[in-house]
Structures are given as C-alpha cells and as structure tokens.
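Working notes, structure below.
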Amino acid sequence: MPKLTVHEMKKMREASKKEMSLREGNFRGKVIVHLGTCGIAAGAREIMDTFLEEFDNRDITDIMFTSTGCAGLCSKEPMITVEIGESPPVKYGKLTPEKAIKILDEHIIGGKMVDEFAIGIGSERVG
Amino acid sequence: MAKKKRIELMVCAGTGCVAGGAFQIMEELKKELKARGLKDEVPVVATGCNGFCGQGPLMVVIPDNIFYGWLTLEEIPHLVEEHFLKGRPVQKLMFTPPEEKRPIPLLSNIPFFEKQVLVVLKNKGIIDPEKIGDYMARDGYVALEKALFSMKPGDVVDEIMKSGLRGRGGAGFPTGRKWQLTRQQERTPKYLIANCDEGDPGAYMDRSVLESDPHSIIEGMLIAAYGIGSSNGFIYVRSEYPLAIERMETAISQAREYGLLGKDILESGFDFDIEIREGSGAFVCGEESSLIHSIEGDIPEPRQRPPFPAQSGLWGFPTLINNVETLANVPAIIAKGAGWYSSIGTETSKGTKIFSLVGKINNTGLVEVPMGITLREVIYEIGGGIPGGKEFKAVQTGGPSGGCIPVAMLDSPIDYESLTKAGSMMGSGGMIVMDEDTCVVDVSKFFIQFTNDESCGKCVSCRDGSDAILEVLTRISGGTGKEEDIDFLTELGQTVKDASMCGLGQTLPNPVLSTLRYFKDEYEAHIKEKRCPALVCKHLIRYYIDPDKCVGCLKCLKICPVSAIQGELKYVHIIDQDKCTKCGQCLEVCPPKVTAVSKVSGNDMESLEQLPQIIPCAERKKK
C-alpha cells in the first residue's frame, strides 16, 4: 500500500464511512420487516433482500432496516412496518418485491403513504 | 452474490470480556450464523472495551442498539435463531437493573450509559480497533491533518494550553505548560513518551483506551510531537497488558503502512515514529523519572527534579512525557477547538475523566464523565448503587496514592481540587466503592502493603516509613494496638509525605491519613475496645452459634474445614474457638430461616453464652 496523501486519506475515510453507516445511528426512519415463521414462509426474506439491495444501490444510510417477529396478522404476510420521522407507523401487507420498491419510492423517499397496500396505521402496544 | 449486511454484532473484546470467553462466544456466533445462511447479512465485529464490564461477555446489536449481557455459549443458538433469523429480540439476555423486573432493551436507555459524556472513549464499541479505516470513518486523523496543514507547531501548543487540559495520570499538571516547556528547549533530539504504566489496583482506564482505540493515541502523539518538535516517540506499557500491546502493535504497523508514521507524513515534511517499550510491572515506573530510567535500561528509581524531563529527560535530552488518556484527548481538542473542550467541566478542571468503577457497586465498569459531576451521580446513577441493600461507607479514589471519601462528601464535585481537599486525589481514575462490610483499618493495611512492596527503596522515609506504618496497622488490626498509635500514625504519615522524593512516597500515607480523618472512631474501637466494627479483622472477631436458634442440622459441622464444630443431629452445635480459622463458611451455609451463626467482635465475644457441652435442641427449647 503506497503512503497516503491528504486527498487519498479523505477518499479512504469516505469509503469507510459508508461501510460503517449502520453503526452511526443517524436514522430519520425505520423499515421493519416481520420475520415470524409465517412471514418467512410467505416470502419475507425476499422482501428483506429487496430492501437491502435497493438501500445499497441507492446509498440510503438514513433509514434503519430492522426486523421483528410475527404481528399476528399471518394471513397478510409478508408484512413490513414503515416509520418515518414522527408520523405514526404504517403497516403494509401481502407484499411482493415490486410493491416493496413502490413503497420505497413513494413513502420512504417520497414521504407519502401508499394507500393501496397499507393495512393499518399504528402499532400494537408492547408490554 | 453475497447478501447485504443488515445487522452488525458488536462483541466486546476488551480484556475483561475476553477473560469471560468473548472469543469463544464470537466463534459460536459465527458458526450458528453460517449454519443459518446469515454469515454475510449479520457480520460479527470485535470491538474494544464497551465499559459495562460487570455484564460481560456482552454485545450490542446494530442498528437497533440492543444490549445483550452475560452471554453464554449455550444461549447462542437460541439467540441467533430468535433474533437474527426470526427478528425477535431475546429478553432474558437483556440488562435488567437489580431489584427490577423489566429488562431495558436499548443501550441508550440504560442509566449506566445515559449519563456519560464520551470524548476519549467516543469510538468504544463502535470501531474495530484493529482496522485503521474504522478509526478514520469516525473522523480519525482529521485533527492531524488540521495540525499539519493549517497550524504552526506553536499554535498547536497554544491550543492545548487554552483548552485547560491537565495530566490524567494523577497529579493534574497543565498539559499545555509541559508542552511549551519542552518546545522551548533548543537541544535536539527531543523525545515523546506516552505513559501507560497503569499500576493502581482496580484501575484499567489506560488499558481500555489502548485496547479500544489505539489510533487515538497515535494521533495524539503525532500532534504532540509536531507541537514540540520531536520525531521519536515511545509508548511505555506494562507487559501484563498483552492484548493492549498486540492491538497497539497492529495499529502502529498500519499507521506506518499508510504513511501516518515514518518519514514525510502525508507529504507534509514532518517525520515521526513510535516504538513500544514494555515494562515488567513495577509500580514506581509510573513515576516519570523512574520510567525514563527503565527505558534507558537502568534500575527504575526516581531522581531529584529539577531538571525536569522537559529539560533533561531520556538520555539527557528534552522529553515530553504524558499519560495515555491525556494524549487521547488531544485529537478532539485540535479538531473541535479549545473553546469547545473548555466548555466541558469546571473552572479549574476541564473536559472529561475516565474512571474504573469497581468494588461494592452494582454496575462495575469503565465510565467517562464530565469533570464536576458529583460522586453521588457516578456511584448511584451510573453505578446503580450498592448491591444487596447494603449501606455505602466510602469511596476510594486515586488508588494507593489516594484516600477514602466518606458519605458526607458524596455531593462534592469530582475535580482535581475538590478531591485533594477531601484528602484524596484524582489519581489515574480508579474508584473503589466500599460498603458497610469494609473495615477501614483493613483497607489501609492492604494499600500500605501494596506501596510497601512497590517502594523502590531509594528514600528512607518511603522504604522504612511504609514498613513502620504497616507494622502499626498490623498491630491495630491484630488487636494489640496502643492508644498512642493514632497520633504516631498521623505524625509518621506526614513525615513520609514530606521527606520522600517522588510521588509514590509523597502519597502513600494518604489511605491511612484520610481514614484517620474520617473514621477515627473505627481505629479507636480496634485499639480501645478490641472491636472491629465492620467485623473484618480476623483477630478481633469470632464466629458464634446462638444456642437458642441452632436446630442442629449439621450443615456447618460438615463444611468446617478444620473440624472445629462439635455437635450431633438435633443437638446445639458449638464452635471450638481454638481450632477455628475464621474462614466464615459456617455462616454462609447456615440456612436463612435459622441464622444461628453470626460474627461477633469486642465485648460480645465474652458476654455471649458459651455452652460447656452439646445438648439436645429440644432440651434447650424447654428451658
């Protein structure tokens, strides 16, 4: 490895920053995929892969992507919950990769709920 | 195609957690993740010390920030299946505060972390200390670039001076003044030494900085060297810190590879390189002139100052010697400015300080807090108070050189002056919490034993003075103390302070003097009443079986290692005091419903009823 110049160090820093974005925790919103047995059987992992792929391609680092268990609405799986800023969480069901991308474009990036796939607003209470 | 990363498991790999099996836990995690096809989605990262050592082995799940502690190999398959495959965090591995039922899932909501202010430890648990890229991503080497390309060496020294940073090794000398004094010297070469000879019992701040963020020390040293005009640096670290040394070596070789150490750093024309020197763990080597002798290959004994190391140090050349934590503060000060730094802390003590919070405390660990925070906040809010509902008695700060601070002073702020006024000192940051079951005579004896062993022997006052103090303390705890011993200890302690040359001798009487100041009545109880109020000093206590409570269950009789207990089933047991070694196992096994065994001291030892021979418990009840 050749010795760094100031310019090269900057480039190295930027590359490492991208690599470590998960750890910085500066998220403006959250996408939660429901990974219960019902969700996995209905294709939740495919939905998850779609999001991870798109996040990476589009360099999205300000949305936390995480998972949770079954939400109790097994017939609507695969499901995700989208929480952007202070708005109440929105649950989407019966997803396909195409629907997921539409939600990404219109809701997560565009900020407008996709009514046709939404199954509810709010979240079950914990505890 | 490899799956995208969605979760990172930040497993603490500081010395404490490694001793608890962190490396095995990591292997198990990797194995279980691979078996479920999650290897690429969920990578495992080894970090430096997370700080919450009492919960180790531990990990933090990114991005959710879920904290899992007390991990065991058996739990890993279940954890991987539930959380990382099915998305259900596992409650039983989360942190639950003592006396409470509900776990706290998120690290950021755990009170231990909430009140901390991270400057030196800002990268702990977030970076892999073996990756220079991780350090850079957290704005590492930004300060170096700023110093080299937009500041003159004199500006760098001025900035440190303005920040108000003071030495974190103990004495609190203004860092900027030390830098300036070294910078003013005309002779070359000049040397720079990072002092990581951390020797206080129970203190491990410096080790953690080396283990969790080694590049921050390299960057701090580079900036210091640029400021004072040095091109040779040493890191002096004890060989008992193998993991810290290994990580430091890795960091140094990475920095060399990328041209951040060596000739013409970042094409600026500035040269600097670092060597590690391992010490063999003599406490006196933390004293700067002894440390310099040790690097030179001589016997580590202190020498008279002046001349100060800044004037004549390593091999007689001007030498700047700073504590590791002091140097680790430097990059942040240069990057964010002296004004920002001096806004944290008090009038005379700026910035933050790392403490290792140990002893009788619920949340054992490493904490970084702003100067000026009170002892009560650190012990009760961050530390979670005293375990088992016991009463707080004292906190010992500054290690063997420090003193004990009593409950009445819990609300005093933590800064250099307040601690010194209380008869203790900041020291390097050890904070040992003591509860009601701690005997101050016994604690003082422990510390004097330590400094007596570690005294290099050059000064009579320290060598023989510590012998004499130890002898008197041993006498007091052994029940043969004399009334004049208290005055003698006070006078002798003061003499040792006044007549010793280096910090070791000048501070070694502090544990005795501070406890004499705040707990004189306990010394008096030992001497006049032959009573140890905390029931610790073996010569002054006895184990006693209450004939009215004993049910004759044989438990204590069976466990006694020296067969000092007489008895039969359903007969009142008796302890033969001549045989008893006071190990205390009888007290531990006596059932909670019975509590017949107790410790007694002083008059109680004579006044309590002693049965001449064993009698049936039933007979006793009739009476």
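What to note about this one:
- Per-region count, segment B:146-167, residues more than 14 Å from chain A (Cβ to nearest Cβ), hydrophobic (A, V, I, L, M, F, W, C) and crowded, with 23+ Cβ neighbours inside 10 Å: 4
- Exactly one residue among B:514, B:477, B:500 is small (Gly, Ala, Ser) and farther than 20 Å from residue B:424 by Cα, and that residue is B:477.
- Residue selected from segment B:576-599 under the condition assigned to a loop (DSSP other than H, G, I, E, B) and of a type in the set (A, V, I, L, M), by the criterion farthest from residue B:543 (Cα to Cα): B:594
- Residue ranges of helices (runs of 4 or more DSSP H) in segment B:1-86 with at least 3 members away from chain A (no Cβ under 11 Å) and within 30 Å of residue B:202 (Cβ to Cβ): B:15-19, B:22-35
So that you can scan it fast, the table gives a plain yes or no per residue for (1) out of contact with any Ser or Thr (no Cβ under 9 Å at 6 or more places or on another chain); (2) at pLDDT below 90; (3) over 20 Å from residue B:9 (Cβ atoms):
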{"site": "A:2", "(1), (2), (3)": "yes, yes, yes"}
{"site": "A:6", "(1), (2), (3)": "no, no, yes"}
{"site": "A:13", "(1), (2), (3)": "yes, no, yes"}
{"site": "A:16", "(1), (2), (3)": "yes, no, no"}
{"site": "A:21", "(1), (2), (3)": "no, yes, no"}
{"site": "A:44", "(1), (2), (3)": "no, no, yes"}
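- Whichever residue in segment B:241-261 is away from chain A (no Cβ under 14 Å) and more than 15 Å from residue B:128 (Cβ to Cβ) and, among such residues, is surrounded by the most Cβ atoms within 10 Å (Cβ to Cβ): B:244
- Contact map, segment B:13-33: residues that are within 13 Å of residue B:73 (Cβ to Cβ) and modelled with pLDDT under 95 paired with residues that are assigned to a helix (DSSP H, G or I) and among the acidic types (Asp, Glu), Cβ distance under 7 Å, separation 6+ or inter-chain. No pairs are found.
- Which listed residue is surrounded by fewer than 18 Cβ atoms within 10 Å (Cβ to Cβ), assigned to a helix (DSSP H, G or I) and either at pLDDT below 95 or not assigned by TED's automatic domain parsing to the domain that holds residue B:281 (or both), from B:474, B:451: B:474
- Selected residue (only one of B:137, B:143 is among the hydrophobic types (A, V, I, L, M, F, W, C), at the interface with chain A (Cβ under 9 Å from one of its Cβ atoms) and touching a helix residue (DSSP H, G or I) at 6+ places or on another chain (Cβ under 9 Å)): B:137
- Among residues of segment B:531-550 being surrounded by fewer than 21 Cβ atoms within 10 Å (Cβ to Cβ) and in contact with a helix residue (DSSP H, G or I) (Cβ under 6 Å, 6 or more places away or on another chain), the one that is farthest from residue B:441 (Cα to Cα) is B:547.
- Single residue of B:357, B:327 found to be under 19 Å from the mean Cα position of the chain (by Cα) and in the same structural domain as residue B:182 (by TED's automatic domain parsing): B:327
The values are calculated or read from the model by the stated rules, or taken from the named source; none is laboratory data. Computed from a predicted model, the values in this text were never measured in an experiment. Note that each Cβ is placed from the backbone with ideal geometry, even for glycine, and that neighbours are counted across all protein chains shown.
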